[in-house]
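For reference, the structure is listed below as structure tokens.
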Amino acid sequence: MCGIIGVISKDNNNVVPDILNGLEKLEYRGYDSAGLAVVGAAGLKRIRAVGKLENLINKLKINPISGAVGIGHTRWATHGKATEENAHPMLTRDVVLVHNGIIENYKELKSDLLKKGYEFTSQTDTEVVAVYLQMELDNGLSPREAFQKMLRTVRGTYAFLAIFKARPDVIFCAKNKSPMAIGFGKSICVGSDASSISASCSEIVYLDDGDYAEVTKDGATFFDDGFNVVDKPRVAVTDDLINSGKGGYSHYMIKEIMEQPSAIRKTLLGNDVPQNFFDKVSRILILACGTSYHAGLVGKYWFEKHLRLPTCVEIASEYRYRSPVIEDDTLVLVITQSGETIDTLEAMEYVKKNNNTCRLAAITNVLNSAISRLAGFVFHTEAGVEVGVASTKAFTAQLTVLAKLAFCENFELLGQLQNLPQACEDSLVLKEDIDKIAFRIKDCSNAIYLGRDNLYPIALEGALKLKEISYIHAEGFAAGEMKHGPIALIDDIVPVICLCPSGSMFDKMFSNIQVAQARGKNVIVFTDFVGAKSFDKSVKKIVLPPINQELYPILYSIPLQLLAYTVTVLKGEDVDKPRNLAKSVTVE
Ligand code: AGP
């Protein structure tokens with residue numbers, strides 16, 4: 001998934017600084033390379049650099065370019081390695097183009113263009129689109145005609161921004177499955193998300209699939225997929241859309257970990273469950289990916305225990321390809337931080353197409369995202385912009401919404417939710433102790449996470465946090481499952497990280513830990529004051545504040561986030577932009 005940005009100055013100022021500012025906000029979407037192009041006095045000028053945005057900034061210091069209209073791109077490589085040749089923008093004689101998405105028919109288009117004598121400098125699908133536009137210009141079409149014909153020709157997912165030498169005052173924009181927002185303020189901006197353009201805009205338009213727009217310094221003309229001029233509603237830029245930077249923290253991730261008490265507090269204030277929300281619901285189907293999938297697994301425990309509703313949690317990328325049975329009166333609950341994950345979006349659309357008795361609801365952190373616009377009902381996690389690629393505050397906010405839903409008929413538990421923000425504050429105070437554990441495990445090659453009942457999904461989530469930013473191979477297991485094979489992994493080196501607070505599962509979990517201790521010397525336990533009494537000094541313990549057992553998943557996520565964070569910092573890896581990853585996965 002890449003980030004795209006376009007800026008047009010109303011006062012003929014140089015747009016390069018705004019483009020770089022937008023690219024900095026979009027780097028979480030991919031950082032294999034970055035580039036930008038502007039319309040200058042000498043026509044279309046382009047500059048690109050491999051690796052993170054700072055490399056492009058350093059190049060610009062040596063070879064500055066400027067112009068009042070420009071586009072930029074930060075790349076997560078799909079077709080072709082992370083090299084300068086494959087970095088966007090793609091430039092031909094008369095057009096420059098950036099793209100987020102995948103063009104499925106690029107090979108046949110490329111072969112046709114090669115036969116016509118056109119040449120290529122990259123392995124990307126995007127360059128094929130740029131050269132196709134060049135060919136249509138060479139055939140005598142105007143920029144608008146060429147752009148519209150291209151939209152009728154390419155197949156796949158895209159968010160395109162294009163500037164033509166013949167129309168230097170216009171940015172041509174088109175969207176299909178990949179996100180795009182257009183902002184209006186002291187300049188006119190186009191970006192992959194609202195947070196990348198909100199600094200210079202007061203109003204935003206979200207494009208829908210099939211839309212395209214021509215943007216100039218006077219505004220935007222919108223066209224639907226029939227190329228008819230249409231009006232698009234504008235929404236005001238609100239604080240939760242604004243990425244306020246790291247706020248003095250070393251990384252976005254630690255800032256966002258520390259913001260969890262307030263994110264949970266805000267999420268609790270909203271998201272009241274409508275009276276009849278579960279009427280005529282026979283079962284719940286949860287669709288999600290990654291960390292959001294782990295939230296769904298916790299939801300299953302809660303929905304079945306407290307609402308007695310059969311609940312199925314599906315990995316979105318698998319779901320629609322296995323010809324699933326979709327039973328009538330299913331409540332489909334889609335969980336997604338970004339609201340743009342294409343695997344989740346496609347799974348949702350599959351249900352919509354195959355059974356119209358199902359209701360679609362979304363739990364998302366981004367209103368006006370593609371998934372929130374497709375859902376019939378949206379629960380908004382009030383976590384604010386989450387920039388760190390590893391999801392933290394959005395995850396615990398998702399769990400908070402799931403808890404409000406699951407406990408909606410249990411006033412005692414709903415009351416217990418009010419204790420969460422303070423308990424989270426109290427667990428953040430444990431960072432110093434957790435840092436000591438991080439120091440102990442930072443050089444390990446593997447790690448095992450164990451949990452039971454509603455903490456089993458948190459064992460999975462803790463393992464994902466560690467592996468995705470520190471690159472230590474970590475695996476989460478249901479503790480009772482260890483004896484069926486994984487226990488062979490235990491030796492004196494591998495850290496065995498166990499979630500074992502007091503409560504109904506304590507004895508079972510305690511005996512699982514004893515079995516692990518009999519085979520290894522690196523057992524680490526996260527427990528509470530009552531549970532701690534049962535562990536001898538040989539076990540490294542982190543003692544969390546007490547909370548109702550049903551809320552363990554939310555509270556026990558926090559120390560595991562802190563552990564992954566500190567291990568990564570100690571290893572000198574990039575906490576906010578881990579290798580190979582991107583924040584919002586908008587390609588299948
Ligand atoms: C989170 O730590 C991961 N980076 C990733 O698994 C993420 O949860 C997943 O890609 C789903 O994203 P979404 O919640 O925006 O749909």
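List the pairs whose first member sits in the stretch 385-397 and is closer than 12 Å to residue 264 by Cβ, whose second member is near the ligand (Cβ under 7 Å from one of its atoms), and whose Cβ atoms are under 6 Å apart, counting only residues at least 6 apart or on separate chains?
Close Cβ pairs satisfying both conditions: 394/337; 395/291.
Among the residues of the stretch 354-385, which ones are within 16 Å of the ligand (Cβ to nearest atom), assigned to a loop (DSSP other than H, G, I, E, B) and more than 20 Å from residue 583 (Cβ to Cβ)?
Matches in the stretch 354-385: 375 only.
Would you pick out the residues in the stretch 188-233 that are part of a loop (DSSP other than H, G, I, E, B) and on the phi > 0 side of the Ramachandran plot?
If the condition is that a residue be part of a loop (DSSP other than H, G, I, E, B) and on the phi > 0 side of the Ramachandran plot, then 210, 227 are the ones that fit.
Take the residues of the stretch 71-87 that are among the charged types (D, E, K, R) and touching a residue at least 40 places away in the same chain (Cβ under 8 Å): which is surrounded by the most Cβ atoms within 10 Å (Cβ to Cβ)?
75
Specify which of the listed residues (551, 563) is in a helix (DSSP H, G or I) and either at positive phi or away from the ligand (no atom under 16 Å from the Cβ) (or both).
Exactly one of 551, 563 is in a helix (DSSP H, G or I) and either at positive phi or away from the ligand (no atom under 16 Å from the Cβ) (or both), namely 551.
Quick check on my filter: what residues within the stretch 310-353 are away from the ligand (no atom under 16 Å from the Cβ), assigned to a loop (DSSP other than H, G, I, E, B) and touching a strand residue (DSSP E or B) at 6+ places or on another chain (Cβ under 8 Å)?
Across the stretch 310-353, the qualifying residues are 310, 324, 326, 327, 329.
For the stretch 422-524, which helices (runs of 4 or more DSSP H) that fit wholly inside it have 1 or more residues that are among the acidic types (Asp, Glu) and in contact with a helix residue (DSSP H, G or I) (Cβ under 9 Å, 6 or more places away or on another chain)?
431-441, 456-470
Among the residues of the stretch 244-270, write down those that are hydroxyl-bearing (Ser, Thr, Tyr) and either part of a helix (DSSP H, G or I) or in contact with a Lys or Arg (Cβ under 6 Å, 6 or more places away or on another chain) (or both).
Passing the criteria: 249, 252, 262, 267.
Out of the residues in the stretch 270-293 that are within 17 Å of residue 410 (Cβ to Cβ) and among the aromatic types (Phe, Trp, Tyr), state the one that is surrounded by the fewest Cβ atoms within 10 Å (Cβ to Cβ).
By that ranking, first place goes to 277.
Sort through 501, 495, 457 and tell me the only one that's more than 26 Å from residue 296 (Cα to Cα), touching a residue at least 12 places away in the same chain (Cβ under 8 Å) and not polar (S, T, N, Q).
Just one listed residue meets the conditions, 495.
Please determine whether any residue of the stretch 391-401 is part of a loop (DSSP other than H, G, I, E, B), at pLDDT 95 or above and within 15 Å of the ligand (Cβ to nearest atom).
Scanning the stretch 391-401 turns up at least one residue that is part of a loop (DSSP other than H, G, I, E, B), at pLDDT 95 or above and within 15 Å of the ligand (Cβ to nearest atom).
Can you find a residue that is within 14 Å of the ligand (Cβ to nearest atom) and farther than 20 Å from residue 249 by Cβ anywhere in the stretch 440-447?
The answer is no, given that none of the residues of the stretch 440-447 is within 14 Å of the ligand (Cβ to nearest atom) and farther than 20 Å from residue 249 by Cβ.
The values are calculated or read from the model by the stated rules, or taken from the named source; none is laboratory data. From a predicted model like this one, the values you see are computed outputs, not experimental measurements. Here the Cβ is made from the backbone with ideal geometry for all residues, glycine too, and neighbour counts use every protein chain on show.
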